[in-house]
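**Student:** Right, I'll just put the structure down here and ask away after.
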Amino acid sequence: MQLVCAFNFSTLEEMVGLVEGARAKNSPVILMASLGAVKYYNNSLELIANTAKGLAMAYPDVPICLHLDHATDLEQIKQAVVCGFTNVMIDASKESFEENIRRSKEIADFAHNHSPYGINGCSVEAELGMLAGHEDEVHVEESGKAYTDPSLVHEFVERTGVDALAVSIGTAHGYYKAAPKIRFDLLEAIRKETDVALVLHGGTGVPEEDFRKCVAMGMSKINVGTGLKKIFTDGVKSAIKPEENDPRKVVGPGRQAVAAAIEANCDLFNCTGKTPYVLKSIY
Ligand code: 13P
């Protein structure tokens with residue numbers, strides 16, 4: 001399996017920056033709509049899906065996936081599938097094991113059969129275990145975190161039919177107060193239990209050598225969000241001048257800063273020059 005970088009966006013301008021960065025490195029990219037971004041655009045999944053389709057048409061050389069991140073509402077997820085997301089995450093990690101299986105299976109069955117791109121046109125990510133931290137609409141206190149139990153992984157994947165599994169191995173959403181202690185022993189044990197794509201959440205602030213080790217040990221998707229928000233906003237702030245009235249001259253530097261960050265991530269994750277393997281592009 002090959003690694004694909006996945007980046008959260010909170011505005012449409014950032015989406016453009018993400019694709020521009022991937023394009024510069026001839027890399028596939030997964031654009032991740034967090035629930036906060038969906039809310040910000042009046043819950044219009046169509047607006048987000050059609051923007052991603054527009055980007056895919058404008059940049060046909062960039063394999064683009066559109067992912068709905070950390071969704072919990074089953075009806076909303078089904079709507080995302082129907083309007084053209086290529087990947088959806090059902091996050092039932094706060095539920096019991098059985099309820100997590102029930103909801104994840106319902107979404108996998110639906111997504112594999114109702115995508116406008118055909119059978120298996122939309123892939124499904126679920127989460128087993130629970131990461132601590134705060135990111136957009138996801139909030140889990142340190143006391144609530146739970147590592148993924150490798151002994152449950154095979155059964156979970158078999159019974160749900162999901163394509164990708166988010167695992168809790170020591171990373172957290174948001175900024176770290178201290179360097180994360182990644183449980184590579186757990187990753188090794190989990191990798192032995194299943195062939196599905198494994199997903200590392202909480203990418204912001206993970207040291208480079210830990211990323212490299214995770215990838216070498218079989219991590220297929222790495223999610224980065226929080227740090228990109230700051231990069232975009234810092235870019236915008238740097239361009240704000242009292243006499244500047246052209247929004248493009250204020251927002252544009254934010255988008256360029258995001259694109260530059262994606263280029264650096266593509267090099268770090270060794271995605272440069274790669275075509276997608278794990279997930280599908282929109283076209
Ligand atoms: P960070 O915001 O910590 O980078 O995590 C992103 C993430 O895991 C989104 O699902």
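**Student:** Once you have the Kirkwood Rh of the range 149-223 from its Cα pairs, apply Stokes-Einstein at 25 °C and 0.890 mPa s and quote D in µm²/s.
**Tutor:** D = 194 µm²/s.
**Student:** Using only Cα positions of the chain, each an equal point scatterer, no hydration layer, compute I(q)/I(0) via Debye at q = 0.08, 0.12, 0.16 Å⁻¹ and quote the log10 values to two decimals.
**Tutor:** Scattering profile of the chain, log10 relative to I(0): -0.30, -0.70, -1.29.
**Student:** Modelling each spin label as a point 7 Å along the Cα-to-Cβ direction, I'd like the Glu99/Asp267 distance in nm, to one decimal.
**Tutor:** 4.7
**Student:** In percent, how large is the relative contact order of the range 29-178, given Cα pairs closer than 8 Å and 6 or more residues apart?
**Tutor:** RCO, the range 29-178: 19 percent.
**Student:** Sticking with this one: PRE reach from Lys39 (point 7 Å along Cα→Cβ): which of the range 5-33 fall under 16 Å by backbone N?
**Tutor:** 9-11, 33
**Student:** Residue farthest toward the positive end of the dipole of the chain, with Cβ of Lys/Arg at +1 and Asp/Glu at -1: which of Gly227, Phe97, Thr272?
**Tutor:** Thr272
**Student:** Of the DSSP beta bridges with both residues in the chain, give the percent that are antiparallel, rounding to the nearest 5.
**Tutor:** 10
**Student:** Which whole-number percent is the relative contact order of the chain (Cα, under 8 Å, 6+ apart)?
**Tutor:** Relative contact order here is 25 percent.
**Student:** Quick one, could you list the DSSP H helices from the chain stretching 20 Å or more along their long axis (Cα atoms) with average Kyte-Doolittle hydropathy of 0.0 or above?
**Tutor:** Those that clear 20 Å and a mean of 0.0 are 247-268.
**Student:** Of the trypsin sites (Lys or Arg not before Pro) in the range 118-177, which ones lie in a loop per DSSP and count no more than 10 other C-beta atoms within 10 Å?
**Tutor:** Lys177
**Student:** Please report Ser115, Ser27, Ser143 as a ranked list, fewest other C-beta atoms within 10 angstrom at the top and most at the bottom.
**Tutor:** Placing the least packed residue first, the sequence is Ser143, Ser115, Ser27.
**Student:** In angstroms, what radius of gyration and Dmax does the range 1-80 have, counting Cα atoms only?
**Tutor:** Calculated on Cα positions, Rg and Dmax stand at 12.4, 36 Å.
**Student:** State the Cα centre-to-centre distance between the range 68-146 and the range 193-270 in whole Å.
**Tutor:** Cα centroid of the range 68-146 versus Cα centroid of the range 193-270: 22 Å apart.
**Student:** Another one. Using a 10 Å Cβ count of at most 12 others and DSSP loop calls, identify the longest part of the chain lacking such GluC sites (Glu not before Pro).
**Tutor:** 1-140
**Student:** Which whole-percent values make up P(r) of the range 27-180 when all C-alpha to C-alpha distances are grouped in 5 Å steps starting at zero?
**Tutor:** Pairs per bin, as whole percents: 2, 9, 18, 20, 19, 16, 10, 4, 1, 0.
**Student:** Around Gly252, under 10 Å between beta carbons, what's the net of Lys plus Arg minus Asp minus Glu among the other residues?
**Tutor:** In short, +1.
**Student:** A further question follows. First measure r as the distance between the Cβ atoms of Asp109 and Leu152, then evaluate 1/(1 + (r/R0)^6) with R0 = 30 Å and state the FRET efficiency to the nearest 0.05.
**Tutor:** 0.90
Quick note: the coordinates plus some simple rules give every number you see, no bench work behind them. All values reported here derive from a predicted model rather than from experimental measurement. When we count neighbours, we look across all protein chains shown, and the Cβ atoms used for this are built from the backbone with ideal geometry, even at glycine.
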